[in-house]
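Just so it is clear, none of the values below were taken in a lab; they were calculated from the coordinates. Just so it is clear, the structure is predicted and the values come from calculations on it, not from any experiment. Cβ atoms come from the backbone with ideal geometry, glycine included; neighbour counts cover every protein chain shown.
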Protein chains: 2
Amino acid sequence: MPSFKGEYEHSVDAKGRVAFPAKLRKSLNPDAQENFTLLRGLEPCLYLYPKNEWEFVEEKLSSINSFSRQGRTVKRNFLRYAEDLTLDKQNRIPLPSHLKEWAGIEETAIFIGSGERIEIWSPEQLAEEDASLSHESYQELFEQVMSDPRPEDENGR
Amino acid sequence: MPSFKGEYEHSVDAKGRVAFPAKLRKSLNPDAQENFTLLRGLEPCLYLYPKNEWEFVEEKLSSINSFSRQGRTVKRNFLRYAEDLTLDKQNRIPLPSHLKEWAGIEETAIFIGSGERIEIWSPEQLAEEDASLSHESYQELFEQVMSDPRPEDENGR
DNA sequence: GTACATTGTGGGGAGAAGTGGGGAATAGTG
DNA sequence: CACTATTCCCCACTTCTCCCCACAATGTAC
């Protein structure tokens, strides 16, 4: 199954709508039917999961113990900022204002295909993230991660 | 299965299109059906994977944990600069402008068959890379890499 | 050598994608 | 209940991508 890839910069209009990139649309699983879940990422960006991939995330979440302090904390703070949304007839998504503000997205949004999910960044936050990653350190990290078999972690999403 | 080999120099036209070398075309797996993924290389060149080879790369990527910091950094920075593309009816590929600029490719592109993938270089960057590799150091490196059995690393792509 | 096929190179334009606005329908508030 | 705010639907325009065409150069077969 093809995964999301590429970087696309689009305008966010006055109503908070932004076009979902046509090339990313081609990588959507037909079962997902343009239904997504959008939430805060671990960096200052948003994570956009199509429905079929979000189901794996929920499966993982449901295996967490809701009665442990750690489990409750993770579930609460992961899910409280999540929202379901769908593409409109012009293939745009409405960015909820609380998520847009949190990620610092104003007039421009950058979509980054990252395998099973899509990240949505503001140009400023992305530039900061990029500035903190040198080519040398990326190269080392790449070689380390790509040559590391680590079969135990293979279902992490 | 035959692998890509050889070096071919072609013109890039004003629309960013460049002919895919006919001899490399003969080494394509018919299953790939002229579908490719193009991305930034680790050196200042582009990597072009036919679909069937890219699938192995994606398989490796999907085994990386998207919730670990290292995992998500690698996925983001590897996939954000990747794009799917297909040959047109004249067997040309459209080089996306962001990749073309990054690799310093202007009016001429050099294709280098490198086994399971193809590298695309600008003449200037290739000349620099060549200048920094003396025949002696290449010879040593060659003997070291080719005489090192290391079967664990053989799936790296 | 010639004739034909294949490969490489460049241009025009139709259709897809991106962008923005108005107004109807729905949800929220007092 | 009435009023306001938000969401959703539809439309229109601009820009970009991709399809098609044509010609020149090179390779292959006879």
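Here are a few things to note about the model shown:
- Estimated FRET transfer efficiency when R0 is 25 angstrom, pair A:Arg17-B:Lys60 (beta carbons, to 0.05): 0.10
- Counting neighbouring beta carbons within 10 Å and listing from fewest to most, the residues A:Glu58, A:Glu53 come out as A:Glu58, A:Glu53.
- Charge dipole (Cα centre; +1 on Lys/Arg Cβ, -1 on Asp/Glu Cβ; no other charges) of the range B:99-139 amounts to roughly 160 debye.
- For the protein assembly as shown: rounded, prolate or oblate by the Cα gyration tensor [a/c cutoff 1.5]: prolate
- Here the residues A:Tyr47, B:Tyr138, B:Tyr81, B:Tyr8, ranked from fewest to most Cβ neighbours within 10 Å of their Cβ, fall in the order B:Tyr138, B:Tyr8, B:Tyr81, A:Tyr47.
- Selection among B:Gly113, B:Gln139, B:Pro94 by position relative to the dipole of the range B:94-153 gives B:Pro94 as farthest towards the positive end (Cβ unit charges, Cα centre).
- Listed by chain and number, the aspartates and glutamates whose alpha-carbon sits under 17 Å from that of B:Lys23, ignoring those within fewer than 8 places in the same chain, are B:Glu7, B:Glu9, B:Glu34, B:Asp88, B:Glu116, B:Glu119.
- The base-10 log of I(q)/I(0) for chain A, evaluated at q = 0.08 Å⁻¹, reads -0.25 [Debye formula, identical scatterers on Cα atoms, solvent excluded].
- Using a cut-off of 29 Å between Cα atoms, the listed pairs A:Lys15/B:Lys15; A:Lys51/B:Lys89; B:Lys75/B:Lys100; A:Lys100/B:Lys60; B:Lys5/B:Lys51 include A:Lys15/B:Lys15; A:Lys51/B:Lys89; A:Lys100/B:Lys60 as exceeding that distance.
- Exposure proxy shown here: for A:Lys60, B:Lys51, the number of other Cβ atoms within 10 Å sets the order, fewest to most, as A:Lys60, B:Lys51.
- Assuming charge only on the beta carbon of Lys and Arg (+1) and of Asp and Glu (-1), the dipole of chain B about its Cα centre is about 840 debye to the nearest 20.
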